[in-house]
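Every number here is computed from the coordinates shown, using simple stated rules; none is lab data. Please read all numbers here as calculations on a predicted model, not as lab measurements. Virtual Cβ from ideal backbone geometry, glycine too; neighbours counted across all protein chains shown.
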Amino acid sequence: MKLVHISDTHLTVPGERMGGLNPHLRLAKALDEVRTQHSDASRIIITGDLTHWGEPKAYLSLVDNLKNLPCPVRLLVGNHDDRAAFLAAFPDYSGNPAGFINYAETIEDTRLIYLDTTQPRTHAGHFCAARRDWLREELNKCTRARLFMHHNPMPLGLPAEDKIALVPEDRIPLAELLNTFRERIDYIHFGHVHAPIHGTWCGIQFASVRSTGNQSIPDLIEQESLQGAPMAPSFSVILVTEEGTTIHEIPFTWEGPVFSTGTAWEDWAKPTAAE
């Protein structure tokens, strides 16, 4: 199974920039790369901060961006999103009885579980008892799962970033739940941090992904301010087999030279000067 993981597109009203960048152009380039190089993907999963200010016109632009793709797209909301505006543009995501955008599907014997970790008017993540009850039911009825969410549920050792991770009052009971089902969960995938970070939590491997817009600069000292810059973006391609998971970081805006070299020993030999 191949999954394309995109995150933090931060779309604006078309014509408006975000952080000095054109987020619409960045997303369009990412999706063009998917069309040309990853048309065999099973799903494209965009883990939140779909828009920057939660504006209806920004969501309508996302509707246009997602046309003519080679596989289904699954969307999650982030802290910059507005649920009502999102659902107005994407009504197929409504219907969760608790009012959250949690849903799941099974592909090749793996339950892909998509989680809503947002709460209005805060950038920190939340995953309340109602959401945990829903997740427990999903994990109870599957034997193999993979979780996707916007916020990092665990602290990452980045003092400023960790202030807007999943709040401790929800993190602790979620950790207890995941510890119960750790043998069934292959991976946790999230966005939010605008950087590729890998590790384990509750005995489960996790991976984040860069934004298609601005990137964060991991700062293990800074206590208050998030550090970022308009560095090169990427998305991830997740390859899932019975033996494990491989994640490739895909740069999609490079326009410079690309060098091709063979794999034989002689292909890397030091050139000899002509006599």
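Structure values in brief
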quantity	calculated
FRET efficiency, 1/(1 + (r/R0)^6) with R0 45 Å, evaluated for E266 and A160 via beta carbons	0.35
Charge tally in the Cβ shell below 15 Å around L239, where Lys, Arg are +1 and Asp, Glu are -1, L239 excluded	-3
In the chain, lysine pairs closer than 21 Å at Cα, eight or more apart or cross-chain	5
By average C-beta atoms within 10 angstrom, highest first, the peptides 80-86, 117-123	80-86, 117-123
Separation between Cα centres of the stretch 186-233 and the stretch 44-59, rounded to whole Å	18
Residue-span extension gain [K67 to L177] - 0.36 nm each, minus C-alpha spacing	35.9 nm
Hull shadow area, averaged, the chain [alpha-carbon convex hull, nm²]	17.9
Mean separation of Cα contacts under 8 Å, 6 or more apart, over the residue count of the stretch 2-268: relative contact order %	19
Charge dipole (debye, nearest 20) of the chain; +1 at Cβ of Lys and Arg, -1 at Cβ of Asp and Glu	540
Expected 222 nm ellipticity per residue - DSSP helices of 4 or more, -39500 (n - 2.57), all of the chain, to 500	-6500 deg cm²/dmol
Globularity index of the stretch 21-152, i.e. its alpha-carbon radius of gyration over 2.2 N^0.38 Å	1.08
Additional length obtainable on full extension of the chain from E137 to H198, 0.36 nm per residue less Cα span	19.3 nm
Backbone N within the stretch 81-119 under 14 Å of label point (7 Å from E16 Cα along the Cβ vector)	81-82
